[in-house]
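The values are calculated or read from the model by the stated rules, or taken from the named source; none is laboratory data. Since this is a predicted model, take the numbers as computed values, not measurements. So basically every Cβ, Gly included, is an ideal-geometry build from the backbone, and we count neighbours across all protein chains shown. Keep in mind that these areas ignore ligands, DNA and RNA; they rest on the heavy atoms of the full protein, side chains included. Shrake-Rupley method; radii C 1.70, N 1.55, O 1.52, S 1.80 Å.
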Amino acid sequence: MNVFNSISSFTSTAKTIVTIGTFDGVHIGHKKVLKKLQTIAKEKNAESTILTFFPHPRMVLQQDLNIKLLNTIEEKKELLSKYDIDNLIIHPFDKTFSRLTAEEFVKNILVDQLNICSIIIGYDHRFGRNRTATISDLIDFGIKYNFDVNQITAKEIDEITVSSTKIRNALLEGNIQIANDFLGYPYSLNGTVIEGKKIGRTINFPTANINVKEEYKLIPQNGVYIVSVEVDKVTFFGMMNIGNNPTVTSTFQSIEVHIFDFNEDIYGKQITIHFLERIRNENKFNSLDDLKSQLEKDKIFALSRINKNK
């Protein structure tokens, strides 16, 4: 998959079939669209091309800094690379771009720059300055500029919307099983290992503290989770705590993972954590000894679940 960081950097001279969307989560609801993109691209001997935007338009137009997304850009690239797509264009969305008229977008971007022969788009898609143009306008432009318009049905759009909503709600409620079912893969976090208070090692449960730099990345509900951890492309299992560490009176949220059978210095490394199952809520214990006792129980439970699912 070729990745382009702007529309202007797109270099292919082949005809393209394009779909436009955020594809947040790249979940099971998106699969039909991606399959349709691949199928029509083969039929027309064209390059399958996804056009997406970052920052999310809501961050720019509505200044919604509280929006939480299922994927970072790097995560989205990795997920989409598994679908045998020819081109992914991630265009920087800004107010200047949002002011393009519908015909300017179609003629200057889709036709002249991307060389489309076909587009796959939602039946309710609106575009152009102030989002005034509709699918009917796009069909008219298709006739004028010689490209086909393939509509994503109401049912398919509903599947995408429902899946995204259910995934976000499930993660915020700590229901990892539902989220993973709708994603079609385990939800993950990518972050850098930073130094923490090192209290875990005093009770024989050392943890790697994770810094997720993307503030827009959705963090699941506080609690204790069974996870798998990728370190230098090697997979380990462990358990993770998201929360405020009430037993040691911390006042800020931390993300800490205890990796089973692991004793390497990984400060400063990027690691990936996949959520497999939620064990329990985060609790405040009367002492570190009580916390250690609970963690030992958590580990026994986690290992039993990991072994069962191998």
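Here are some notes:
- Here LYS82 does not fit the description of being out of contact with any strand residue (DSSP E or B) (no Cβ under 9 Å at 6 or more places or on another chain), closer than 28 Å to ILE143 by Cβ and of a type outside the set (Phe, Trp, Tyr).
- When the range 162-200 is filtered for residues that are surrounded by fewer than 18 Cβ atoms within 10 Å (Cβ to Cβ), under 17 Å from GLY243 (Cβ atoms) and of a type in the set (A, V, I, L, M), the ones remaining, listed by number, are LEU172, ILE194, ILE199.
- Unmet requirement for THR39, which otherwise passes all of (1) assigned to a loop (DSSP other than H, G, I, E, B); (2) of a type in the set (Ser, Thr, Tyr); (3) more than 18 Å from the chain's Cα centre (by Cα): (1)
- Applying the criterion of being of a type outside the set (A, V, I, L, M, F, W, C) and outside any strand (DSSP E or B) to the residues of the range 271-290, the residue that is nearest to ALA170 (Cα to Cα) is ASN281.
- For HIS258: the one exception among (1) of a type outside the set (Ser, Thr, Tyr); (2) surrounded by 17 or more Cβ atoms within 10 Å (Cβ to Cβ); (3) outside any loop (DSSP other than H, G, I, E, B); (4) within 22 Å of the chain's Cα centre (by Cα): (4)
- Total residues in the range 122-159 satisfying the condition of being touching a residue at least 12 places away in the same chain (Cβ under 8 Å) and basic (Lys, Arg): the figure is 1.
- Lone qualifier among ILE67, ILE90, ILE17, ILE85 - being of a type in the set (A, V, I, L, M), assigned to a loop (DSSP other than H, G, I, E, B) and either closer than 20 Å to THR165 by Cβ or touching a Lys or Arg at 6+ places or on another chain (Cβ under 9 Å) (or both): ILE67
- Residue among PHE301, PHE285 that alone is aromatic (Phe, Trp, Tyr), over 19 Å from ILE226 (Cα atoms) and open to solvent by less than 90 Å² (accessible area, probe 1.4 Å): PHE285
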